[in-house]
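Everything below concerns the one structure shown next.
The values are calculated or read from the model by the stated rules, or taken from the named source; none is laboratory data. What you see is a predicted model; the values in this text were computed from it and never measured. Glycine also receives a Cβ, built like all others from the backbone with ideal geometry; neighbour counts cover every protein chain displayed. Just the protein is used for accessible areas: all its heavy atoms, side chains included, with ligands, DNA and RNA removed. Shrake-Rupley method; radii C 1.70, N 1.55, O 1.52, S 1.80 Å.
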Amino acid sequence: MECVVQGIIETQHVNALEILLHGLCGVPKEQVRVHELCLKSGPNLGVVPSEVRLLCDLAQPTPSWTVRHVGGAMRGSGADQISVLVRTVVESKVSNNVLRFFYGLGYKLDHEILKVGFAFTFHRGAQIVITVTSAHKMPKLHAIEEALPITPNIHMVEITASATAENYNEVVAAVSAFCEYLAPLLHLSKPGVSAGIVATATAAAASLMSNSASKPL
Amino acid sequence: MHWQPKPGTTLSTQILTEACQCVESIGGQKDGRWRSVLTFYKPMQRDALVPVDHPRDFLGLALQEQPAKYYFILRPNRIVLEADASIQVIMEKLQSYKARVTLNFEGFQYKLGDFQVRVGKCVPSASEALRGIMMEVEYIPLSSIDKSRQVLEEFFDIWQETISKKSLPGHFMHIESNFADYGLQDRYTSHHTAVQYATCMAQLIAAGPAKPVHPIPVHVYSRRTKILPSKGADSWMAPMQKLSTGVAAASQSKEVVLRISDGGVLGEPSIPGGSDKGQWPTEGTRNWPRGTLAPTRYWRILKQWLVAGLSLEVTPDRHHISSVPCVTVEESFGIVCN
């Protein structure tokens with residue numbers, strides 16, 4: 001399972017966020033360029049309609065494919081009280097014919113996007129991954145070279161951390177604690193519960209940028 | 001390679017024992033056990049009446065030499081997919097296809113000079129019924145299929161000569177897989193092995209299961225469930241997708257109970273075939289013969305019902321344990337869907 005929170009930030013403040021994250025994480029950033037295809041089961045296939053995501057990592061010299069299944073979120077009063085979503089996620093690295101395979105099984109392409117941005121992976125109470133990406137749409141099927149930003153002025157920020165049934169409380173605490181460091185720039189919440197942009201972002205970003213100008217990275 | 005029994009003969013573990021002795025007689029040294037697991041995945045449909053455009057089944061394969069990997073083979077589309085073993089969990093969560101029948105390939109691995117030889121039996125996971133005997137030969141120094149062809153053919157000739165001295169009722173048969181169809185190159189990989197398993201399975205299925213030598217007790221009941229539209233003789237396999245409930249349990253049972261859907265939707269469809277036509281089972285099937293049927297008649301009737309487009313469910317009769325041998329439906333038909 002994984003713990004996840006999401007938020008949005010204006011594109012003009014992404015550089016400031018990167019500076020902040022670099023300082024907090026102490027690791028170099030990784031490029032993110034992922035072609036994500038969302039497939040849904042065809043009519044009459046399966047006990048219930050199902051959805052699976054195929055991720056093609058284009059940041060590597062040789063693209064690699066992953067199948068990702070996102071399950072239901074943890075429920076109950078305990079889950080409601082925490083600000084982080086805990087859900088089951090299963091991933092599997094697969095060979096590059098996976099799209100043809102799922103088409104063969106009767107799955108249909110629902111939509112595809114290209115996520116472009118950067119990520120930091122670090123350890124702070126738990127292994128945490130924070131990705132900052134811009135979602136791009138493709139004018140033609142699979143035409144990733146022609147992809148255009150869907151929301152040019154907005155970037156998506158996501159923090160995920162893998163957890164188990166035994167330790168998710170500690171992981172939630174670690175993610176929540178990290179979110180607080182980012183609070184001046186953006187607010188992170190459970191997926192689907194958008195908190196919008198933060199009013200203090202402009203001032204915080206300006207402060208970060210002026211500080212970084214005197215202390216080159 | 002798979003063991004092709006002579007017509008009219010049945011498989012037995014004795015053949016496997018003899019084959020192992022043959023490997024040892026030509027210098028093979030036991031190098032541990034061998035185990036691969038092959039699973040038939042079948043679609044789960046929401047509505048049996050709606051036409052589908054997905055495959056009737058596909059194969060999943062776990063190889064001992066690649067414990068972290070799993071392979072799917074979609075034969076109609078000529079696709080072999082390599083994935084992390086966790087893909088099995090994803091398939092389970094999707095609930096679109098279900099692992100229906102699992103076959104274990106179990107045996108021994110031998111070192112024989114530059115060759116690695118594996119000999120083993122193919123048995124369903126839920127029963128001890130012997131479904132086939134398999135053999136794998138690998139020439140370790142070369143990974144090029146073309147370059148190793150000659151040396152493997154020579155090995156095969158020596159092997160056939162050795163095994164023929166045992167006067168066993170059958171022979172090992174190698175069916176060439178068309179790797180190019182699957183987009184595979186000359187350098188041998190586990191993808192190639194997966195394709196070979198699929199080819200071999202097709203052969204085992206075509207050869208058919210060993211027929212029971214004793215009558216099988218058959219109890220026929222009727223039950224109101226959905227009826228598939230009549231398919232016609234050419235597509236009589238299609239309703240087999242409904243053979244689901246209790247299949248795994250059935251294979252452990254001494255007896256199989258067939259629950260036949262009628263529902264009255266189709267009225268009284270004509271059943272292809274002649275003499276075994278019998279009375280169409282109506283609600284309650286009181287006029288359908290209960291009791292013991294001869295195996296040949298049993299399968300003929302079952303097939304005819306499938307031709308007529310009936311949906312079937314198979315469940316074990318837990319209240320009536322018989323001592324006669326059992327041939328379960330998934331053994332005789334479920335796999336035939338491939």
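Quick look at the numbers
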quantity	calculated
Alpha-carbon centroid distance for the pair the range A:143-178 / the range B:121-173, whole angstrom	51
At least 40 Å² accessible surface lost relative to isolated chain, residues of the range A:85-116 (1.4 Å probe)	A:Val90, A:Ser92, A:Lys93, A:Ser95, A:Asn97, A:Arg100, A:Phe101, A:Gly104, A:Leu105
Within a Gaussian network of chain A (alpha carbon springs, distance under 10 Å), most fluctuating of A:Leu186, A:Leu24, A:Leu141	A:Leu141
Prolate/oblate/rounded call for the range B:1-68, Cα gyration tensor, a/c under 1.5 rounded	oblate
Residues losing 30 Å² or more accessible surface upon assembly, the range A:1-48, compared with the chain by itself, 1.4 Å	A:Asn44, A:Leu45, A:Gly46, A:Val47
Around B:Ser25: net Lys/Arg minus Asp/Glu count, Cβ-Cβ under 12 Å	-1
Whole-Hz ³J(HN,Hα) from phi, Karplus 6.51 cos²θ - 1.76 cosθ + 1.60, for the range A:8-22, glycine and proline x	10, 9, 5, 4, 5, 9, 5, 4, 5, 4, 5, 4, 4, 5, 4
Rounded to the nearest 10 Å², the accessible area of B:Lys93 at probe 1.4 Å	80
Over 27 Å between alpha carbons, listed pairs A:Lys190/B:Lys42; A:Lys93/B:Lys42; A:Lys140/B:Lys93; B:Lys69/B:Lys121; B:Lys111/B:Lys165	A:Lys190/B:Lys42; A:Lys140/B:Lys93
Per-residue average of Cβ from other chains inside 10 Å of A:49-56	2
Selection from A:Ala204, A:His13, A:Asn153 lying farthest towards where the dipole of the range A:2-212 points positive, charges on Cβ	A:Asn153
About the Cα centre, charge dipole magnitude for chain A (Lys/Arg +1, Asp/Glu -1 at Cβ), debye	300
Shielding score for B:90-100, defined as the mean number of other chain Cβ atoms within 10 Å	6
Pairwise centroid distance, computed over Cα atoms, of the range B:1-69 with the range A:28-100, Å	32
FRET E, pair A:Asp80, B:Lys93, Förster distance 22 Å, beta-carbon r, rounded to 0.05	0.40
Shielding by other protein chains, B:51-58, mean Cβ within 10 Å	4
Net charge, A:Thr164 excluded, C-beta distance under 11 Å - Lys, Arg +1, Asp, Glu -1	-3
Accessible area buried, both sides summed, chains B and A with 1.4 Å probe, Å²	2600
Estimated [θ] at 222 nm from DSSP helical runs (n ≥ 4, -39500 (n - 2.57)) normalised by residues in chain A, nearest 500	-7500 deg cm²/dmol
Normalised contact order of the range A:2-212, rounded percent, pairs of Cα under 8 Å and 6 or more residues apart	31
Relative packing of B:1-14, B:69-82, which averages over residues the other C-beta atoms within 10 Å, highest first	B:69-82, B:1-14
Separation of the A:Ser210 and B:Met173 label points, Cα + 7 Å toward Cβ, nm	8.4
Estimated FRET transfer efficiency when R0 is 41 angstrom, pair A:Ser189-B:Arg187 (beta carbons, to 0.05)	0.25
Gyration tensor (alpha-carbon) shape descriptor, the range A:91-217, a/c threshold 1.5	oblate
Top positive-direction residue, dipole computed over the range A:2-212 with Cβ charges, set A:Ala126, A:Gln60, A:Leu45	A:Leu45
Local electrostatic count, B:Ala99, Cβ distance below 10 Å [Lys/Arg +1, Asp/Glu -1]	+2
Highest-MSF residue in chain A out of A:Val171, A:Val47, A:Val86 [GNM, Cα springs under 10 Å]	A:Val47
